[in-house]
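Computed from the coordinates by the stated procedures, all read-outs in this text should not be read as laboratory data. The structure presented is a predicted model; accordingly, all values stated were derived computationally and were not measured. Here the Cβ positions follow ideal geometry from the backbone for every residue, glycine too, while neighbour counts run over all protein chains shown.
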Amino acid sequence: MPPHVLPIVLLSISNLFMTLAWYGHLKFKTVPLMLVILASWGIALIEYIFAVPANRWGHSVYSAAELKTIQEVITLIVFAGFSVWVLKEPLGWNHAIGFGLIALGAWFIFQGK
């Protein structure tokens with residue numbers, strides 16, 4: 001896998017787990033909070049198993065700011081899908097504009113190369 005693609009793939013996998021850890025429990029509101037916290041920690045551990053190598057290896061081809069920007073864009077994409085399909089919470093025009101402005105900011109980050 002090309003060195004500039006591998007971190008994106010790993011960050012995408014990591015973000016699936018992090019979104020599940022942060023927001024998945026919202027589907028299980030009757031589960032005791034302490035149990036949810038412990039489950040989220042376990043899921044977050046898996047997230048770190050992908051995120052740390054993504055950033056370590058990715059830093060050979062991207063700056064830290066670029067890696068963070070990639071991660072944030074992936075976060076928005078994964079979260080938007082999770083919100084709509086899992087939580088059944090629709091996204092509106094205001095979300096689309098806000099996410100679009102963040103994407104525009106990401107575009108500016110990569111203009112320095």
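For the chain, the 222 nm mean residue ellipticity estimated from helices alone, with every DSSP H stretch of n ≥ 4 adding -39500 (n - 2.57) and the total spread over all residues, rounds to -25500 deg cm²/dmol. Only Lys, Arg, Asp and Glu carry charge here, each on its Cβ (+1 for the first two, -1 for the last two); on that basis region 6-112 has a dipole of about 200 debye about its Cα centre.
Rounded to two decimals, the Cα-based Rg/Rh of the chain, with Kirkwood Rh, is 1.02. For region 19-32, the Karplus equation 6.51 cos²θ - 1.76 cosθ + 1.60, evaluated at θ = phi - 60°, returns couplings of 5, 4, 5, 7, 10, x, 5, 5, 7, 10, 5, 8, 6, x Hz by residue, with Gly and Pro reported as x. Dividing the mean sequence gap of close Cα pairs (under 8 Å, 6+ apart) by how many residues the chain holds gives a relative contact order of 34 percent. Applied to region 52-59, the Karplus parametrisation 6.51 cos²θ - 1.76 cosθ + 1.60 on θ = phi - 60° returns per-residue 3J(HN,Hα) values of 5, x, 4, 6, 4, 6, x, 5 Hz, with x for Gly and Pro. For region 97-102, 3J(HN,Hα) computed residue by residue from phi via the Karplus equation (6.51, -1.76, 1.60; θ = phi - 60°) reads 5, x, 5, x, 5, 5 Hz, glycine and proline entered as x. Here each label is just a point 7 Å from Cα along the line to Cβ, and for Thr30 and Val5 those points are 4.6 nm apart. In plain terms, the chain from Ser63 to Trp41 could stretch by 5.1 nm, reckoned as 0.36 nm per residue minus the Cα-Cα distance.
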